[in-house]
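A quick write-up on the structure given underneath.
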Amino acid sequence: MTEPSPITRAVRAGIDNDLTHGAVVPPIYLSTTYTFAEFGVPRPFDYARRGNPTRSAIAEAIAGLEGGAGGVVTASGMGAITTVITALLKPGDVLVAPHDCYGGSWRLFDALARKGSFELVLADLTDPAVAAEIIRTRRPTVLWVETPSNPLLRISDIATLADQGHEVGATVVVDNTFCTPLGQQPLALGADLVVHSATKYLAGHSDVVAGAIVGSDAEQVESLAWWANCLGVTGGAFDSYLALRGVRTLHARMAVHESNAATVIDLLGRHSAVATVHHPSLPGHPGHKLAARQQQLFGGIVTFELHGGLDAAKTFMEGLTLFCPAESLGGTESLVSHHGTMTHASMPPDVQLAAGITPGMIRLSVGIEQIDDLLADLAGALDRVAASAG
């Protein structure tokens, strides 16, 4: 038999490997500690913070999907980000990151830079001229890329940024949370590391918090695993079990997420209450051509701006019944968030505006419900906005 595809390997991660009882689904290893094989000889797992069989199974599955040499699973997406920057950066080093990166990433980067842990430089990495100049002049130790970005779904050229970053000795890290490994493989495009908030699409059911790091170099993965253990941010057994369960259905879920999102985009684009729709599938999106070349999926996240600003956003969200107002994405259920008061509230207003986040901006995480129901819910809320505007 030929080598199975990454999707098949992910679906079958850990399946039918129980030699004791023949369980099809792998058991959850909840033990915190493991006996030594003999005096001075530890087994492959000795203490759960350092290693756990269930966590190893999900790390292997995600690394396989990303085409990496190995993976590290952490207790949250922010745990993955913290591990990477702690391992790679020291005082005096430069971190170049997107000016419109995820609010939690910005908060961590900004807080640590203020403490002198490193120097932070924010830039529009979707602008080729700006990115090239910043990388050439600031010579970052770490170049942080987020594509598609959160929330504006801007697209950065991973291959070009990786080449430019490597020319100055940078480690290039890509946050692939929005696209997932099914939609984009940053390591194949030249990146050194990929990070995920596995809480989102990878786990996919809004019932587990987890993060992941995948590397192209086995030695670097081992180093990151050491740091994750040292920091105490490794993922727990039950969370790993839930995330592994989610990864098995990732390909099936993503197909429905994207199909539903495409239909939602059509509705938004035709409604008078909507000023702008941001999605890389749209020919008018600045990153459309790059996304079509770089990605295999356009994704299930849709961001749009309403006429009427903050008041319109409030009216819209209060008119929804199926879209839950909550700060997350990638679950089977549909969610809605207002960036200025939710996901990016930690950013001062001037930083939000510099990143392009406006008071009337809304982000939808389009779920896998029946599409007609979602359309009816959205249309009703949009009609309320139009009516309130007179």
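Counting charges near residue 90 (Lys, Arg +1; Asp, Glu -1) among other residues having Cβ under 14 Å from its Cβ returns a value of -1.
Measuring between their Cα centroids, segment 278-301 and segment 241-256 lie 22 Å from each other.
With +1 assigned to the C-beta of every Lys and Arg and -1 to the C-beta of every Asp and Glu, and no other charges, what is the dipole magnitude of segment 142-219 about the Cα centre in debye, to the nearest 20? Don't jump to the answer; show the numbers that get you there.
Working: 2 positive and 9 negative charges, 65 e Å.
The dipole magnitude comes to about 320 debye.
Site pair residue 168 and residue 345 shows an inter-label distance of 3.6 nm when each label is modelled 7 Å from Cα along Cα→Cβ.
Per-residue extension of 0.36 nm, minus the Cα-Cα distance of residue 31 and residue 328, leaves a gain of 103.9 nm for this segment. Per-residue extension of 0.36 nm, minus the Cα-Cα distance of residue 318 and residue 375, leaves a gain of 18.9 nm for this segment.
Quick one: order 120, 153, 193 by neighbouring beta-carbon count within 10 Å, fewest to most.
120, 153, 193
Amide H contacts of residue 145 (H built 1.01 Å from N, in plane; Pro and chain starts excluded): 173, 174, 175 sit under 5 Å, all sequence-distant by 5 or more or on other chains.
Just the number, please: percent antiparallel of the DSSP beta bridges in the chain, rounded to the nearest 5. Taking every DSSP beta bridge with both residues in the chain, the antiparallel ones total about 60 percent. Spatial offset of segment 137-180 relative to segment 257-276 amounts to 28 Å, using the alpha carbon center of each.
Straight Cα distances below 17 angstrom link residue 115 to the lysines 90, with same-chain residues fewer than 8 positions distant left out.
Need the C-alpha centroid separation for segment 1-53 versus segment 321-351, integer Å. Between the Cα centre of segment 1-53 and that of segment 321-351, the gap is 36 Å. When only the Cβ of Lys, Arg, Asp and Glu is charged (+1, +1, -1, -1), the dipole of segment 3-59 relative to its Cα centre reaches about 240 debye. If R0 equals 25 Å, the separation of the Cβ atoms of residue 8 and residue 207 corresponds to a calculated FRET efficiency of about 0.50.
Read-outs throughout are calculated quantities, based only on the coordinates presented, and are distinct from any laboratory measurement. Since this is a predicted model, take the numbers as computed values, not measurements. When we count neighbours, we look across all protein chains shown, and the Cβ atoms used for this are built from the backbone with ideal geometry, even at glycine.
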